[in-house]
Amino acid sequence: MVIAIAGVAELIRDFGLFNAAVQADDLSTEQKDNLFWTNTLLGFVGTALVASVSPLIVLLYDEPRLLAVSLAVSPIFLLNGISTQFRVELNRGYRFGALALGDLIPQLAALIVACTMAICGAGYWALVGQQISTALCGLIVVFVLTKWRPGRPHVHSGRIVEQIRYGANLFGTQLLAYASRNADSVVIGRYVGSAALGIYDRAFQLLMAPINQINAPLTRVALPILSRARFDRELYVRYLLKSQLVAAYVTCTLFFVAAGLSDKIVLALFGSDWTAAADILRILALGGVFRSSMQISYWIFLSSGKTDKQFQLDLVLQPAIVVSLCVGVAFGLEGVAWAHTIAYAVYWAASLWWAGRAAKLPVLPLAKNSIRIMLSVGLPLFAMSALVNESAMAPVLSLGVGVLMVIGWIAVVSTVVPSCVRDRRELVGVLQARRRRSKVTDDAR
């Protein structure tokens, strides 16, 4: 309940400056220093904001325990503000392995903290401990991994007007997206109750896990590469097509299988007490196919510097998503889930069209790619997974069978279907090029 509201402070903390700095052609030492202090100040503002609105969060949910929780999580935003430009430095240096460690180590450390607190009887405070541990450990890890150290602020040099302008448009987009992304949680928590929200949230977290753990790192890899290639139209489109293949074959396939195996996944991860979340997961996972597919539009807006055009799009579509979720709550949890899926299917098509228009790019090949992979890979795997889901196999065994089906079916289509054969060759080429770049970088070091 708290994170659904307080997450706005996380957007303020970033203000789009992470992507603005990554996308910039060049950054002086003074600009880096000013960006660091700007993010730190914004992080402090986020912390102060969450602390100050804590009583309002209590009133919204009519839950007195949320006051202490809100105050406890408020320092997270300052910690994340301090760490932002350290992550930028790793990203601009193409140190993707270090960035992955900066994500993985804090998550594992926080998981240990949360599980320990839960075993010791801390209850929901284990989740608070997890959030704080993630932010604190994340700052420590990226600080250690980065050789760059910020200097003092530079008042008369190091202008960051372009980065602020880019970030402001992106902040507006992210704020609108955040409102629509969390509207379902707020509406369910307010009108259906915390128990129903718990069921919905378990399914929603499973939906967001691949997006956060796969698409977000892919964005960090794709953004600097696409940004450097944007002045060569032919090369830029080729990179977009290759980037889309990675996202489509990984996350889209994963969501189709998750939709088919929803009952077994929930039983394996949460146990029989959470079976009500399985139907919600099935519906949300189908929406996840479109949420992951629209990542390519996001990359076009960011890498081409057209964040203002994305903001214009979201001024129309994101409020429409919120309205659809509010209508869906009248039909219960499944109504909200279906509203989410349908809304993001519409958003995927509209955002791809608008991104192509904004960047003056041909996006029909991108749309055809997505639909082709959905039909040739995703839907057959969904059907096969649904059959396994209805079987009497144990949940863990079912998941193992699901993994084998994915491997087997992709092996078949990438050998027999001509378009998928071309995709396989493209992906192999991307991986080989990545290994060559890594070797050159290691040799240079």
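The values are calculated or read from the model by the stated rules, or taken from the named source; none is laboratory data. Since the model is a prediction, treat every value here as computed from it, not as a measurement. In this analysis, Cβ positions are derived from the backbone assuming ideal geometry, glycine residues included, and neighbour counts consider all displayed protein chains. Please note that ligands, DNA and RNA were not included when accessible areas were found on the heavy atoms of the full protein model with its side chains. Shrake-Rupley method; radii C 1.70, N 1.55, O 1.52, S 1.80 Å.
For the reader, a short list of remarks on this structure follows.
- Computed over neighbours whose Cβ is under 12 Å from that of ALA277, the net charge equals -3, Lys and Arg +1, Asp and Glu -1.
- Eligible lysines near LYS147 by straight Cα distance, threshold 17 Å, same-chain separation 8 or greater: LYS32
- For the pair GLN205 and VAL346, label points projected 7 Å from Cα toward Cβ lie 3.1 nm apart.
- Potential extension, VAL323-LEU56 segment - 0.36 nm per residue separation minus Cα distance: 93.8 nm
- Surface exposure of the stretch 237-340, expressed per residue as accessible area with a 1.4 Å probe, stands at 34 Å².
- Taking every alpha-carbon pair under 8 Å whose residues sit at least 6 apart, the chain reaches a relative contact order of 16 percent.
- Peptides 60-66, 279-285, 140-146, 112-118 ranked from most to least packed, by the mean per-residue count of other Cβ atoms within 10 Å: 279-285, 140-146, 112-118, 60-66.
- For the peptides 180-192, 350-362, residues were scored by their other Cβ atoms within 10 Å and the scores averaged per peptide; the highest-first order is 180-192, 350-362.
- Net +/- balance of residues flanking VAL22 in space, Cβ distance below 14 Å, scoring K and R +1, D and E -1: +2
- Phi-based couplings in Hz for the stretch 43-55 (Karplus 6.51, -1.76, 1.60; Gly and Pro marked x): x, 5, 4, x, 4, 5, 5, 4, 4, 6, 8, 3, x
- Residue-wise HN-Hα coupling along the stretch 178-191, computed from phi with Karplus coefficients 6.51, -1.76, 1.60 (Hz; x: Gly, Pro): 5, 4, 6, 5, 10, 4, 5, 5, 5, 5, 5, x, 7, 10
- Here the Kirkwood formula puts the hydrodynamic radius of the chain at 23.1 Å, using every distinct Cα pair.
- Spin-label pair THR415/TRP274, simplified geometry with 7 Å Cα→Cβ offset, distance in nm: 3.7 nm
- Over the chain, DSSP H runs of length four or greater, each weighted -39,500 (n - 2.57), average out per residue to a 222 nm ellipticity of -27500 deg cm²/dmol.
- Set the Cα radius of gyration of the stretch 9-53 against 2.2 N^0.38 Å, with N its number of residues, and you get 1.27.
- For the stretch 83-111 versus the stretch 263-279, the gap between their alpha-carbon centres in whole angstrom: 32 Å
- Gain upon complete extension [THR116, LEU387; 0.36 nm per residue less C-alpha separation]: 93.8 nm
- Within the listed set VAL417, VAL329, VAL257, the residue fluctuating most in the Gaussian network model of the chain (springs between alpha-carbon atoms under 10 angstrom) is VAL417.
- Residue-by-residue Karplus 3J(HN,Hα) for the stretch 249-264, coefficients 6.51, -1.76, 1.60, Hz, glycine and proline x: 6, 8, 6, 4, 4, 4, 5, 4, 5, 4, 5, x, 9, 4, 4, 5
- Rolling a 1.4 Å probe over the protein heavy atoms of the stretch 171-222, with every protein chain left in place, gives an accessible area that is 60 percent carbon and sulfur.
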